[in-house]
Every structure is written in structure tokens, then in C-alpha cells.
Amino acid sequence: MLLWAGMVCALSGCRHKAVVLKLPTTLTPVELATIPEPNLPMVETPQIKVPPVPIAAAAAHPHRERKKPVVKAVVTPPSSAPADPDPQQQEAVSIGALSTGGDSSPQAKNEAVDMIASIEKRINGLSTQTAEEQKAQISKVRNFEKQAQDALSSGDVEGAKTLATKAKLLLDDLEK
């Protein structure tokens with residue numbers, strides 16, 4: 001039996017024999033084709049003047065609007081006034097008309113307070129992922145919000161509304 005197994009293996013041969021194909025030999029030389037180089041005109045790149053890139057650091061320090069000085073208007077009595085006005089009218093005339101110094105009405109103050117509160121609510125409502133990705137932008141928003149709160153506490157209602165509006169616009173861009 002062993003002899004038969006050995007003969008079968010020997011006669012079957014190696015199954016990993018490589019078959020080598022012979023390539024036909026060429027006896028005649030082949031001429032190589034040459035491709036002429038194209039004669040294209042050179043195109044020059046146009047010179048474009050680009051405006052300078054804005055720097056974000058400039059927006060980090062906003063300029064606060066200064067309060068305009070209150071100008072007191074002098075009221076002159078009409079020429080047809082009685083010759084001897086009473087003392088209270090005389091005192092009111094010498095003081096002049098007093099101004100409140102711009103738009104510092106309670107309604108404007110309430111609007112500024114509401115804007116600051118809504119900004120704080122929106123910042124607290126941001127997802128943690130957004131807060132982590134946009135730390136610098138949120139820092140700017142909080143800075144404007146703090147400046148608006150400081151302006152409001154110092155009596156600058158118009159400045160507080162302006163700063164709160166800036167914070168709101170930055171927060172709108174952040175949420176897009």
C-alpha cells in the first residue's frame with residue numbers, strides 16, 4: 001500500500017509547477033513616434049488688490065460712547081410779560097429748561113434690562129458641546145453683557161442698550 005501511495009505521488013508530479021510563456025522575438029526595429037510640444041501662449045496671473053484681513057482682536061475692545069454733556073436752555077421771558085413777575089417764575093426762568101440727558105426713560109431702562117436678561121438666559125441655554133467649541137465667542141458675549149450691566153448701573157441706558165445689542169448679535173452668529 002505504501003508503495004502504491006509513493007508511486008501515485010511521484011507520477012502526479014508537483015502541482016506548483018510554473019508555466020513560463022515565451023514571448024515572440026521581434027527582429028525588425030520599430031520607429032518611435034515623437035510628439036511635438038504644443039506652442040501655447042503663456043497666461044499671466046492677474047494682480048488683484050485684496051483688502052486687509054480684519055483682526056478679531058479689534059472687536060474685543062469696543063469703544064464706549066461718551067455721554068453728551070447736558071446743555072441747559074435759557075428761556076427768555078416774552079417782551080409782553082408783566083413788569084413784576086412773581087419770585088417762583090423768576091427762579092424758573094433763571095434756571096432754564098432742564099433736560100433728562102437723552103433717552104433715560106423707565107421704558108428704555110426696562111428694555112435694556114430685558115435684553116441683558118434674555119442674553120444671559122440664551123447663554124445658559126447653550127449646549128455644552130457648543131459652549132466648548134465656541135469658548136472665545138462666548139467670552140466676548142459675556143464681556144459685552146458685563147459691560148452693558150456696568151453701563152446700566154452707572155446710568156448710561158443708551159450705552160447699555162448698545163452693548164447688549166452687540167452681545168445679542170454675537171450670540172445670534174454663535175447659534176447659527
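The values are calculated or read from the model by the stated rules, or taken from the named source; none is laboratory data. These figures come from a predicted structure and were not determined experimentally. Note that we place each Cβ from the backbone using ideal geometry, even for glycine, and neighbour counts take in every protein chain shown.
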With the condition kept exactly as written, say whether any residue in region 90-105 is farther than 29 Å from Lys166 by Cα and either modelled with pLDDT of 85 or more or in a loop (DSSP other than H, G, I, E, B) (or both).
yes
Please determine, by comparing only the residues of region 106-161 that are touching a residue at least 60 places away in the same chain (Cβ under 8 Å), over 18 Å from the mean Cα position of the chain (by Cα) and in a helix (DSSP H, G or I), which one is nearest to Glu175 (Cα to Cα).
Gln147
Within region 4-27, count every residue that is in a loop (DSSP other than H, G, I, E, B) and at pLDDT below 80.
14
